[in-house]
Structure formats: C-alpha cells, structure tokens
Amino acid sequence: MKTSHQDLVINISDLVKNYGNGATGISVLQDVNLEVHGGEIVAVTGPSGCGKSTLLFILGLFLFPSQGSYYFSGENVLALSRSEQAEFRRKRVGFVFQTSDLFENSTVYENLEFPLIYAGVKRRERKGRIVDALDLVNMGHRIRHPANLLSGGEKQRVAVARALVNRPQVILADEPTGQLDRDNTQFVMDYLEKSVKEAGTALIVVTHDPQVATRCKRICVLEDGVLKESYGNLANND
Amino acid sequence: MRLDDLLRVSFRQVLRQRRRNLGVALAIAIGTAGLIVVITMGQDVKENINKDLELLGKATRVKVYFDMSQEKYSISRPQWFRESTVGELRRLPGVTGVTLVAFRNGIELSNRHDHQFRLKLLVGADEYIWEVNSFTPVSGRFFGYKEVKGRKKVCVLGADVAKKIFGDEDAVGNSLKIDNNYYRVIGLLGGLGIGDYAEWAFIPYTTARDRVLGQWLPNCIYLRCHTWNDVKSVASAIPEVVTANQDGEGIEVKVYWDQLKKVRRIAWWIEFFIYISIAATLILGGFGIWNIMTAGVQSRTREIGLKKAIGAEDRDIMAQFLAEALCISLGASVFGIVAGRVAVEILANILGSRPLEELFLFCVGLGLLFSVILGVGAGLFPSIRASRMEVVSAVNFE
C-alpha cells in the first residue's frame, strides 16, 4: 500500500467484542487489527455470522468493543460522549445499508436533506450539496421523486448519495448490493468507486459477494471473529 | 436541529401520515369542539336556567324595608328611603339593580262600567321594578322613566286582576279608576312563577304620591344581585350604607335563603356535569395521542435507527416526536375550534340565545392550551422512548 501515516483514517488494534459472560458468552471479534487510509477501498468478507456487521457497527460507533482501541484520524473515538458520537456519525462517516433504507414517506431530496439538517448546514447551501451528491450517482433527474416509487437499484444509489452528502472521511457500507441483481451491483459499485475517487473518501464494504470483493483494493477476511488475512487486490491497484 | 427545520419536517410527516393520524385528529377535533360547545353553551344554558329559577324563586333578590311595628323602636314616625340612599345602594359591588317601591292595600278599583273591585295591593314603583324582579309583560308594555318622571296616569295590571276587572275584554288600552282618577292600562304582568304579583296593580310612585289618597312613602327597596354569590355580601353591607345616608332605625333586610340554597344546588350539579364532560374529553384525547405516538414509535423503529445512523442526536428524535404530537393536537384543535364555532352558532340559533363572544375566545384559548398540554403530555413518553432507542437494535428491527 502506498499510503502515508498522515492520512491514516481508521486504526483499530486488538479489538475484542464479546456478547454475554462466562459459559454462555460469545466471542464475536478477537484481536482484530485494521488500518484504513484515506481513499482506500476495503472489503470485509467472510461467512454469515463471522462478525462482519459487528465490526462495521463498531467502526460507526453503534456498538462498543469489549477490549481494544479505536482511533479515527488520531482521535480516540471510544472516549466520545453520546452526543459526540452522534456528531461523529453525521460529520465523519456515511452509511449505506443492505436494505436500501430510505425514508419511504419522503422524496429523494428530503432523504438527502436529513443528514444536512442534523449537521446544521444552512438551508441555502443544502440544495447545491444535494444536487452534487445526486449527480455523482446519476440520480439528479429523480430529485423530487418519492423514495417509495424508486427501483431497488435507484434506492441504493440514493442511499450512496445520502452517505456522501455530508462529505464524510469514511463510508461504511453493509452489504450495499445484497439485494441487487448483477447489473445494478455493477452500477452501485461503479458509483461508490467514483465517489471515493472524487471525494478522497475511504470505503469499507462488508460483503460476501465475490463480485463486489474483487473490485476492492484490499480484502479482509473474517473467520470466527478473527481477521485472518488482509491483502491488496492487485488487479485494482492504480 | 433548528426550530424551523423541526417544525417543517414534523408537519410534513404528520401530513403524509394523515390516514394514520386521521382517527385521533378527528377525536381531538370533536373533543375540542365539544369542549367549546359545552363551556360556551353550557354557560348560556346555565344562565337561562338561572333566569328561570330566578323567576320561580327570586334567589338573588334582597328586600329592604322599614318595620316600625316592633315595640323596641321608641319612635313611631314614618320612615322611607331617600334618593341618596338608593344611589349609594346602586353603587354596592355585586348589585345590578335597585327599585324603590311603596304599597297600599285595600284600594278600590272600578272599570268604565263602574264595576267595583277591591285590589289586593297597589304598588307605586319606579321604572326599575321590572328589571329587578325579572318581569316581562304578557301583553302591552311596562311604564318607564318618562312616565315616572311625568307622573303619568298609567297602570300595569297583574293578569288575574285584569281578568277580574275586564273579563274577556282586552285590558291593554282600557281605562280604570283609582281614587277618582282614570288610569290607562298599558301592560299586563303574568306568566310562569309570577305568583301573587298577578293580583297586584302597578302605577308610577310619583303619580301615586300626587293622586292617590293617603301617605305614599317609598319604604321598601328591592335589590337584584349579579349572582347568588353576591347575595351574602350585599345583604350584610346594606344596613351600613343605609345608616350612613339617613336614619336607619327599623331597617330590615330580607334574603330568601331557602330559594338561594336550592338554586345553588341545582347550579352545582349543572357545573359538575359540565366539568365531568370536559375531563372525559381531555382524557380521551390524551389517550388517543398517546396511543398513536406509541404505535408510531414501534412502526418507525427503523426510521429512528436510520436517523440516528445519519447523525441525529437523542434530543433531535425526541423533539421530532414531540413536535409531531403537537402538530396533531394543535392542528386537530384548530379544526375543532372552527367546528365548535359552527356548532355554537347553530345551537345559539336553535336556543335563541347569544353566548358571550369573550367566553368563546376564552374557550379558544383554553382549547389551544389543552391541546398543547395534551400533545406534550401524551407525546412525551413515546418521544423519550424513541430517543433512547439504540441504533443497532433499531436498524436491525424487522
């Protein structure tokens, strides 16, 4: 990897996550170490139940590890207060979920406006940022469209735009193409890669789809809670 | 989250989920309309009932007179009320009317055919007697200021007296003779609850003083109190006011306590019924909002999780749910106010009454205040529940 220490965005070390205690306790993640730099695209793969989503939730501060450290751009984010965690999520990370979770009662515009509202972006600035984000995923023509009338692929592209609209440092995507057909998977990954390239954002994709994983520069494999392997996907290196 | 964004987003959400909110909004609107109708018209109905009860019982009337027949009084000179005393009594807080009267019994009347009739009581009164006693004419009209000041020979007869003197003939417009003077009958007094007055005749006391033989001194006053709550204080203040303005020896104050007690008991039941209705309306409206907001938190769990995932703080979620509850309750309340106004207008037309505009405006304020209390009160718990939801469980909620 040709990355410098300065643009190290995510640095987790010796991360352990257990659910419950004693004999009934389950160890989901064991001594996980991961470094992600700005502009990197990382796939986290592995079988179902291996802890991929748990790792992603910890990276988004939805969950907290039992042990280990997590530094985001050099800051110990595990020490953040509840309010600071919310600020972390609205300003520094963007999320794309598997089930294309849009606010169904809202339009495409309104879906992208919510993160900006929570981030305190002024109203007159919002439209420009929303249009830019939608153009990036080629959805500008659907800006006033009700979200519940979009196709699955379109919804996921809007979800990508929503994750990007606050210009985060990292996008965390949990099976973003899990419910899409082959063509739409390609489109969504194209848009994600394009966005990452243009914005310099890091992308961590949790997936068990080889088609998605092979498009990433790095693939990390989780097996029984252990991040066993991490290697660069040379085919996609610039 | 800025206030304008909060209100915009919440209003939009309520509007888009109008089908879900329709039932509860309708309930609150009907409740608010009911509240307005119950209070506005309830007061009006109560006042009408009071008036009817007044006609029957004279509960808020106080009689003040000089009783010189008692042995304890050393002097036997006649006593009567001075104009200055009457003026001071009119200024007493809680007094709405005062009338000065003088009585004479055993007076002979005759019609133009010289048919003689002995009258039970001839009353010399000023123009306020009708208002103070809540009298209304069954025929013709009552004498007023001009007739009293001009010492006119006019007469108002009790309906029974008129029947006895004139038979089936119309008494109004006819003449009768009192002490060799002819008086024109200008009106008849009658109706429900009139009692002994139906056998009395009324002439201006100035005319009586000038034209009816004997001494005509106004030794009796009737006062009308604004409400029955004023009766006690007015009655206790009267002797002091009288003695401050004239010789008060022999003064007697008569209050109709039994009637007052009965009237108050009936009114208490009416008020009790009104307030029970209001309480029931509020409780039902509150449960409606609480129910819809609780159901909303459950069905919108993923939405809450998503909003937290994109950066909403606990207070943003809480504020949004609270604002939505307020939008429902306030919006419904506004519809209720409009519906209430229409209902009040219709009912007022049916009952032939005119409720106070101030009372309606008070109800509007009360309705809005209650809707805010309802919205906040019923929406608070679901909002707190929504705000405390953990992101992972909310996002993974199916």
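The values are calculated or read from the model by the stated rules, or taken from the named source; none is laboratory data. Keep in mind that what you see is a predicted model, and the values were worked out from it rather than measured. Ideal geometry is used to build each Cβ from the backbone, glycine not excepted, and the neighbour counts take in all protein chains shown.
Look at B:G31 and say whether it is within 24 Å of B:G286 (Cα to Cα), surrounded by fewer than 18 Cβ atoms within 10 Å (Cβ to Cβ), in contact with a Gly (Cβ under 8 Å, 6 or more places away or on another chain) and modelled with pLDDT under 80. For B:G31, the condition - within 24 Å of B:G286 (Cα to Cα), surrounded by fewer than 18 Cβ atoms within 10 Å (Cβ to Cβ), in contact with a Gly (Cβ under 8 Å, 6 or more places away or on another chain) and modelled with pLDDT under 80 - is not met.
Looking at the stretch A:41-49, is at least one residue closer than 25 Å to A:A86 by Cβ and under 18 Å from the mean Cα position of the chain (by Cα)? Yes: one or more hits. Scanning the stretch B:143-161 finds no residues that are under 18 Å from B:T99 (Cβ atoms), charged (D, E, K, R), touching a Leu at 6+ places or on another chain (Cβ under 9 Å) and surrounded by fewer than 22 Cβ atoms within 10 Å (Cβ to Cβ). For B:R224, only one of the following conditions fails: (1) under 29 Å from the mean Cα position of the chain (by Cα); (2) not in a strand (DSSP E or B). What is its number? Looking at each condition in turn, B:R224 falls short on (2).
The lone criterion from (1) charged (D, E, K, R); (2) closer than 30 Å to A:Y19 by Cα; (3) in contact (Cβ under 8 Å) with a residue 40 or more places away in the chain left unmet by A:E104 is number (2).
Of all the residues in the stretch B:238-275, those that are under 15 Å from B:K58 (Cβ atoms) and polar (S, T, N, Q) number 1. Per this entry, A:K228 is counted among residues that are of a type outside the set (D, E) and part of a strand (DSSP E or B). If A:D101 satisfies all but one of (1) part of a helix (DSSP H, G or I); (2) within 8 Å of chain B (Cβ to nearest Cβ); (3) surrounded by 18 or more Cβ atoms within 10 Å (Cβ to Cβ), what's the number of the condition it fails? For A:D101, the failing item is (1). Checked against (1) over 30 Å from B:S299 (Cα atoms); (2) free of Cβ contacts under 8 Å to residues at least 12 places away in the same chain, B:L369 passes all but a single condition, namely (1).
Within the stretch B:1-28, the residues that satisfy the criterion of being away from chain A (no Cβ under 14 Å) and at pLDDT below 80 are B:G23, B:V24, B:A27. The residue list A:L172, A:L134, A:L112 contains one member that is touching a residue at least 24 places away in the same chain (Cβ under 8 Å) and not in a helix (DSSP H, G or I), which is A:L172.
Going through B:G331, B:G352, B:G365, B:G340 one at a time, which residue ends up being in contact with a Phe, Trp or Tyr (Cβ under 9 Å, 6 or more places away or on another chain), of a type in the set (G, A, S) and surrounded by fewer than 23 Cβ atoms within 10 Å (Cβ to Cβ)? Break it down into steps so the answer makes sense when it comes.
Numbers: B:G352 fails: in contact with a Phe, Trp or Tyr (Cβ under 9 Å, 6 or more places away or on another chain); B:G365 fails: in contact with a Phe, Trp or Tyr (Cβ under 9 Å, 6 or more places away or on another chain); B:G340 fails: surrounded by fewer than 23 Cβ atoms within 10 Å (Cβ to Cβ).
Being in contact with a Phe, Trp or Tyr (Cβ under 9 Å, 6 or more places away or on another chain), of a type in the set (G, A, S) and surrounded by fewer than 23 Cβ atoms within 10 Å (Cβ to Cβ) holds for just one of B:G331, B:G352, B:G365, B:G340, which is B:G331.
Exactly one residue among B:E324, B:E358 is within 14 Å of chain A (Cβ to nearest Cβ) and either more than 40 Å from the chain's Cα centre (by Cα) or part of a helix (DSSP H, G or I) (or both), and that residue is B:E324.
Got a number for residues in the stretch A:40-85 being outside any helix (DSSP H, G or I), over 20 Å from A:P168 (Cα atoms) and within 12 Å of chain B (Cβ to nearest Cβ)? Qualifying residue count, the stretch A:40-85: 1.
Scanning the stretch B:287-321 for residues that are of a type in the set (V, I, T) and not in a helix (DSSP H, G or I) yields one hit, B:I310. Here is the figure for the stretch A:31-65: residues that are buried (at least 19 other Cβ atoms within 10 Å of the Cβ) and in contact (Cβ under 8 Å) with a residue 60 or more places away in the chain total 20. Would a scan of the stretch A:116-132 turn up a residue that is farther than 14 Å from B:D5 by Cβ, more than 10 Å from chain B (Cβ to nearest Cβ) and within 18 Å of the chain's Cα centre (by Cα)? No. All conditions in (1) in a loop (DSSP other than H, G, I, E, B); (2) in contact (Cβ under 8 Å) with a residue 12 or more places away in the chain hold for B:G248, with the sole exception of (2). Within the stretch B:277-298, identify whether any single residue is buried (at least 19 other Cβ atoms within 10 Å of the Cβ) and over 30 Å from B:G336 (Cβ atoms), and answer yes or no. No, the stretch B:277-298 contains no residue that is buried (at least 19 other Cβ atoms within 10 Å of the Cβ) and over 30 Å from B:G336 (Cβ atoms).
Within the stretch B:271-321, the set of residues being touching a Pro at 6+ places or on another chain (Cβ under 8 Å) and either among the basic types (K, R) or away from chain A (no Cβ under 14 Å) (or both) comprises B:W290, B:M293, B:T294, B:V297, B:F321. Close contacts from the stretch B:304-315, counting a first residue that is under 23 Å from A:R167 (Cβ atoms) and assigned by TED's automatic domain parsing to the domain that holds B:R385 and a second that is among the polar types (S, T, N, Q) and in a helix (DSSP H, G or I), with Cβ to Cβ under 7 Å and a gap of 6+ residues or different chains, come to B:E313/A:S83.
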